[in-house]
Amino acid sequence: MTDTFKLNNGYEIPCVGFGTWQTPDGDTAIKAVSEAIRAGYCHIDTAACYGNETSVGKGIKVSCVERSRLFVTGKVWNSDRGYGKTMVAFEKTMADLELDYLDLYLIHWPASSTQFEDWEQINLETWRAMTELYKAGRIKAIGVCNFLPHHLKALMETEVQPMVNQIEFHPGQMQEETVSYCKDHNIIVEAWSPLGTGRMLSNEMLKSIAAKYGKSAAQLCIRWCLQNGILPLPKSVTPSRIIENADVFDFEITNEDMEAINGMEYCGGSGLHPDKVDF
Ligand code: A2P
């Protein structure tokens, strides 16, 4: 689990992260995070809006792993957009996680034109705060989530360009246009819900391809992300699955099987569209 991708500022990011969206706060989150670290994950992805940052921080603390060996990602929530609010939100996240720096801080959702006339300006103001925190060394890398190319465009013209875009990505939901824009602009794409929030795991085609490699459908989805150059963030609170999802480095999906999975029909995914969400 020590393989890394290199971000456009040279900083290394472990190529599989541990997702914590929908992980209940309290003991469940503490145990899931400490179990993940014990299983070898060194990249933990969380967010203020998940409501579990305090427990994620405790999970990190009880693991007694040197801070420098971990990569921790946080996200600024939609109600904290803009320069001043982002600065305050960042300090709260640091206090909740009990950390003194973040490896990666992301804007959780773009302000969009369906919600705001000055959506682009709002995104730029949030980005200004992120850039300042980055330049001050409080964050090692900065980026966004759920940004489509038209949201990214203005940020590409600023002093520091996004290093990461975390989007929904799994078989049947590949967001080709956004992925290709990010690849062209040296932005690493991370996959939230790489298992389709668990929904893809009962897909018969994925199950039969996975069986050929002696792997589970979950392992196939995670490996498929990696072979597409995408950084997966599988979530689980189940110790056996946490271990299983980290065991993806001893097989290689053939080109033929990659093409079959890449060619799966659009499955609709979560239905959350960055220009249509109203939270
Ligand atoms: P649980 O957390 O109860 O173990 P995603 O990462 O796409 O959001 O998917 C997360 C969902 O998939 C959760 O419901 C999680 O359940 C489930 N899950 C994660 N890993 C596995 C696995 N290896 N096998 C089956 N289900 C899994």
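The values are calculated or read from the model by the stated rules, or taken from the named source; none is laboratory data. Everything quoted here is computed from the prediction, not taken from an experiment. Neighbour counts run over all protein chains shown; Cβ positions are idealised from the backbone, glycine included.
Across the range 28-46, what is the total count of residues that are among the acidic types (D, E) and surrounded by fewer than 22 Cβ atoms within 10 Å (Cβ to Cβ)? Residues in the range 28-46 being among the acidic types (D, E) and surrounded by fewer than 22 Cβ atoms within 10 Å (Cβ to Cβ): 1 in total. Of the residues in the range 226-248, not one is away from the ligand (no atom under 15 Å from the Cβ), in contact (Cβ under 8 Å) with a residue 60 or more places away in the chain, surrounded by 23 or more Cβ atoms within 10 Å (Cβ to Cβ) and not polar (S, T, N, Q). Checking each residue of the range 181-191 against the condition of being among the aromatic types (F, W, Y) and either more than 16 Å from the chain's Cα centre (by Cα) or assigned to a loop (DSSP other than H, G, I, E, B) (or both) gives at least one match.
Residue count for the range 251-279 satisfying the condition of being charged (D, E, K, R), modelled with pLDDT of 90 or more and exposed (fewer than 11 other Cβ atoms within 10 Å of the Cβ): 3. A count restricted to the range 14-27 and to residues that are surrounded by fewer than 24 Cβ atoms within 10 Å (Cβ to Cβ) and out of contact with any helix residue (DSSP H, G or I) (no Cβ under 8 Å at 6 or more places or on another chain) stands at 2.
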